[in-house]
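The values are calculated or read from the model by the stated rules, or taken from the named source; none is laboratory data. Predicted model, so just to flag it, every value in this text is computed and none were measured. Here the Cβ positions follow ideal geometry from the backbone for every residue, glycine too, while neighbour counts run over all protein chains shown.
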Amino acid sequence: MAGDYVVGCKHCEEAFVKASFAVDDFEIIDLTPSPASTIEDKEWWRRYLEEGYNLLLEGPPGEGKSRMAYQIADQLVSEGWEAIYIDGGPHVGAKDLLGGVSIRGGSTTYRPGLLLKAFMQAEKGQKVVVVIDELPRIPVREQGILVASLFPKWIGGKRVFTLSVPELGRTFFAPAENLWFIATGNLGEGYVNSALSDKALEERFASETIKMSLNQVQTLLTELVVKRGFSPSLAQKLVKVREKMEKAYAEGAVATFLSYRQLERAVKLARKEEEVPQLLVKYYSRDIEERAVLEKALQGVFT
């Protein structure tokens with residue numbers, strides 16, 4: 001089958017593309033991120049990637065990190081890039097990333113996983129962007145595979161990403177200009193796996209915190225409440241609640257950030273305008289004390 005690597009036969013060596021440089025002929029380079037810039041222009045992300053940084057979109061949940069990552073990938077696809085998406089979570093296994101042996105009709109083939117597919121294409125000259133959604137939620141062992149492959153090296157005078165696949169007995173070499181990585185993660189939310197230490201992230205990513213401004217929240221909410229047939233003033237009130245909860249979050253009064261997604265959900269599920277505050281409390285947090293803080297904020301705005 002096209003794209004599969006045949007193993008376990010006398011011709012298997014012919015299935016491998018021979019690298020033109022030695023595996024150990026490299027030096028580790030410094031990829032310390034430059035200071036984060038404000039997100040003002042539409043293609044701020046291109047500066048990071050073109051300068052050789054993997055991009056990590058981090059911040060509170062429900063603020064549009066995944067949507068932004070997919071929008072960036074869509075833009076690159078329109079320019080001729082291939083996009084490969086890895087949906088992060090505890091379900092991700094090594095086989096999903098590297099692949100594994102498959103036996104069909106007496107033939108033994110190696111079916112590459114998503115990460116290996118990206119390296120295979122980039123090694124052949126195709127430009128590929130890999131989107132890793134919710135990177136911190138991937139199991140520790142599989143994070144190790146990703147983290148090891150995300151650190152470019154100097155090989156033969158070029159910056160190259162490498163990926164070793166023991167089952168194939170070879171290492172893949174992808175020029176850095178052909179392979180870009182974009183990851184998202186709700187860092188600081190209490191479930192970051194230990195494999196992703198601050199040092200590992202610093203070495204492999206330039207990070208940008210994604211959080212909607214109050215103006216952005218108001219614009220989106222106004223469109224939504226009008227579409228739902230509610231008063232535009234509802235959007236203004238919800239933005240005021242968001243502002244109060246942002247302050248409570250910054251001061252440590254609550255550990256749960258009131259996200260745009262939570263505001264959006266309350267508006268979408270409400271059958272009438274008066275139900276929005278109740279639904280917002282319902283879906284905000286299970287913590288009684290945090291709910292009390294939100295209820296106080298709502299009372300201050302809606303009464």
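Each row is one residue, and each column tells you yes or no for (1) surrounded by fewer than 17 Cβ atoms within 10 Å (Cβ to Cβ); (2) touching a Phe, Trp or Tyr at 6+ places or on another chain (Cβ under 8 Å); (3) modelled with pLDDT of 75 or more; (4) assigned to a strand (DSSP E or B).
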residue	(1), (2), (3), (4)
LEU168	no, yes, yes, no
PHE173	no, yes, yes, yes
GLU177	yes, no, yes, no
THR184	no, no, yes, yes
LEU187	no, no, no, no
GLY190	yes, no, no, no
LEU196	no, no, no, no
LEU201	no, no, no, no
Practice prompt. Taking the options ASP25, ASP74, ASP87, name whichever one is in contact with a strand residue (DSSP E or B) (Cβ under 7 Å, 6 or more places away or on another chain), charged (D, E, K, R) and at pLDDT 90 or above.
Written response: ASP87
Worksheet, complete the sentence: Cβ pairs under 6 Å, 6+ apart or interchain, first in the stretch 235-255 and within 17 Å of ASP287 (Cα to Cα), second aromatic (Phe, Trp, Tyr), ordered by first then second residue, are TYR249/PHE257
Item to complete: Scan the stretch 109-126 for residues that are buried (at least 17 other Cβ atoms within 10 Å of the Cβ) and part of a loop (DSSP other than H, G, I, E, B) and jot them down.
Response: GLY113
Item to complete: Take the residues in the stretch 277-303 that are polar (S, T, N, Q) and modelled with pLDDT of 95 or more, then tell me which one is surrounded by the fewest Cβ atoms within 10 Å (Cβ to Cβ).
Response: GLN299
Worksheet item: Scanning the stretch 92-134 for residues that are within 20 Å of ILE72 (Cβ to Cβ) and in contact with a Ser or Thr (Cβ under 7 Å, 6 or more places away or on another chain), which turns out modelled with the lowest pLDDT?
Response: GLU134
Practice prompt. Starting from the stretch 54-75, keep only residues that are without any contact (Cβ under 8 Å) to a residue 40 or more places away in the chain, then list their pairs with residues that are among the aliphatic types (A, V, I, L, M) whose Cβ atoms are within a distance under 9 Å, requiring at least 6 positions of separation or different chains.
Written response: ASP74/ALA83
Item to complete: Among the residues of the stretch 256-271, write down those that are of a type outside the set (Ser, Thr, Tyr) and in contact (Cβ under 8 Å) with a residue 40 or more places away in the chain.
Response: PHE257, ARG261, GLN262, LEU263, GLU264, VAL267, LYS268, ALA270
